[in-house]
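Engineer: If you scroll down you'll find the structure; I have some questions about it.
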Amino acid sequence: MNRRHFLQSALLVGSAGLLPATRAAEGTASGSFRPGMITTWDHGRIATEIGNPLLQAGTRALDIVEKGVIAVEDDPSVTSVGYGGLPDETGVVTLDACIMDGVGHRAGAVAFLRNIRNPISVARKVMDTTRHVLLAGDGALQFARQNGFPEQDLLTDAARQRWLEWKRGLNPNDNWLDQSHDTVTMLCLDRAGNLAGACSTSGLAMKIHGRVGDSPILGAGLYLDNEIGAAGATGVGELVLRTLASFTVVEFMRQGMRPSEACRAAFERMCEKIPEARQTQEALIAINKRGEVGCATNTGDFTFYYGDGELAQRNKPTPIT
Ligand code: ASP
């Protein structure tokens, strides 16, 4: 079986169970592992293609996830992240992002940020240069300005058209949770054996002005422990927030579950507490310290990319019913 076929058969099993690539494992004092990365949705492809050569070159996971996420934020065809993201109900694009570094258990985040194309880099700046973790709204914008981030209107013509159509179709039964959404969440285990994660989103399209989702909240949209593994979420963030799903995945891995089992257990926990979670669109992804990755989702639309430094492998997991 050649390497590509091995990857395909290893990656496409069950709702989420999968093994990483065949590349030789790297060693540390605490055991062997396979460096790799996992990224949500089809836009995970550009992030993985950016990340693969960096992983090969020995770049640290923190820089890989930031650069991968920037590529998605910059892509105007991605209507749920950064520039080109769909606006809130008032026609303003507002962004949430967070980044976490396994080394030092550090984190930075921004919420309800306007006019800055790369919120992930502002989140990194918060982490690297302040004693704080989360900046929001006007304060986050002011911080970005002070740190030299250029300002621009993030509403593209295409996104404005979608917003105008939505306004025309508004009716008393309109449910904003039905509007489209997706997040780029990228987790990486680097060649030194360290973990990092990043996530960025424009959140739920046509959301109430001021709404903040799970993505900038540690433990909800993203969480990691450098001794255990990393996890991230995408989907309707309110349910992820109410159950701290990423934290839950990491804690299940701490108890000895593999990434796919831990994601599934956290998804089941979410459904136990909030039965509506079976109907809303949700997905959880994870990577452990050995470089094994997994996911659990309730939607057949969900895809993710796995990268091992060479291949960018698309996966379409079987949804949990
Ligand atoms: N979790 C994001 C939010 O609720 C949206 C998504 O990932 O689909 O803002």
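Engineer: So how long is each side of the range 67-151 along the principal axes, counting just the alpha-carbon atoms, biggest first, in Å?
Structural biologist: Principal extents (largest minus smallest coordinate, Cα): 37, 26, 22 Å.
Engineer: Along its principal axes, what span do the Cα atoms of the range 211-319 show, with the longest given first and each in whole Å?
Structural biologist: Ordered largest first, the range 211-319 gives principal extents of 38, 29, 25 Å.
Engineer: Also, I was wondering about something else. If you take the Cα atoms of the range 131-235, find Rg, then find the Kirkwood Rh from the mean of 1/r over all pairs, what is Rg/Rh?
Structural biologist: 1.04
Engineer: Then there is this: Pairs of alpha-carbon atoms within less than 8 angstrom and 6+ residues apart define the contacts here; what relative contact order does the chain have, in percent?
Structural biologist: Taking the mean separation of contacting Cα pairs over the length of the chain, I get 24 percent.
Engineer: Stick to the Cα atoms of the range 27-124, pair each with every other, and give me the Kirkwood hydrodynamic radius in Å at one decimal.
Structural biologist: 14.6
Engineer: Helix 245-254 against the longest principal axis of the chain: what's the angle in degrees, Cα atoms only, rounded to the nearest 10?
Structural biologist: 10
Engineer: Once the Cα gyration tensor of the range 203-270 is diagonalised, what are the square roots of 5 times its eigenvalues, in whole Å and ordered largest first, as equivalent ellipsoid semi-axes?
Structural biologist: One finds semi-axes of 24, 12, 8 Å for the range 203-270.
Engineer: To two decimal places, what compactness ratio does the range 41-91 give when its Cα radius of gyration is scaled by 2.2 N^0.38 Å?
Structural biologist: Computed over Cα atoms of the range 41-91, the ratio equals 1.31.
Engineer: Over the range 119-165, what lengths in whole Å, largest first, do the semi-axes of the equivalent ellipsoid take, defined as the square roots of 5 times the eigenvalues of the alpha-carbon gyration tensor?
Structural biologist: Over the Cα atoms of the range 119-165, the ellipsoid semi-axes are 27, 11, 9 Å.
Engineer: Report the Cα-based extents of the chain along its three principal axes, largest first, to the nearest Å.
Structural biologist: Here the spans come out as 54, 45, 34 Å, largest first.
Engineer: Now a separate question. Using the alpha-carbon atoms, what tilt in degrees (0 to 90, nearest 10) does helix 61-73 show relative to the longest principal axis of the chain?
Structural biologist: 40
Engineer: Which lysines have a Cα lying under 28 Å from the Cα of K289, excluding residues fewer than 8 positions away in the same chain?
Structural biologist: Of all the lysines, those that pass the test against K289 - Cα under 28 Å, at least 8 places apart if same chain - are K67, K125, K316.
Engineer: When only Cα pairs under 8 Å and 6 or more residues apart are kept, what is the percent relative contact order across the range 157-302?
Structural biologist: 19
Engineer: Between the range 287-321 and the range 108-129, what's the alpha-carbon centroid distance in Å?
Structural biologist: A separation of 26 Å, based on Cα centres.
Engineer: Also: Computing the accessible area with a 1.4 Å probe over protein heavy atoms, can you report the carbon and sulfur percentage for the range 75-221?
Structural biologist: In the range 75-221, the share of accessible area belonging to carbon and sulfur is 47 percent.
Engineer: Per residue, how many Å² of accessible area does the chain show with a 1.4 Å probe?
Structural biologist: Roughly 39 Å² per residue, with all protein chains present.
The values are calculated or read from the model by the stated rules, or taken from the named source; none is laboratory data. Small disclaimer: the values here were computed from a predicted structure and weren't measured. With ligands, DNA and RNA removed, areas are computed over all heavy atoms of the protein, side chains included. Shrake-Rupley method; radii C 1.70, N 1.55, O 1.52, S 1.80 Å.
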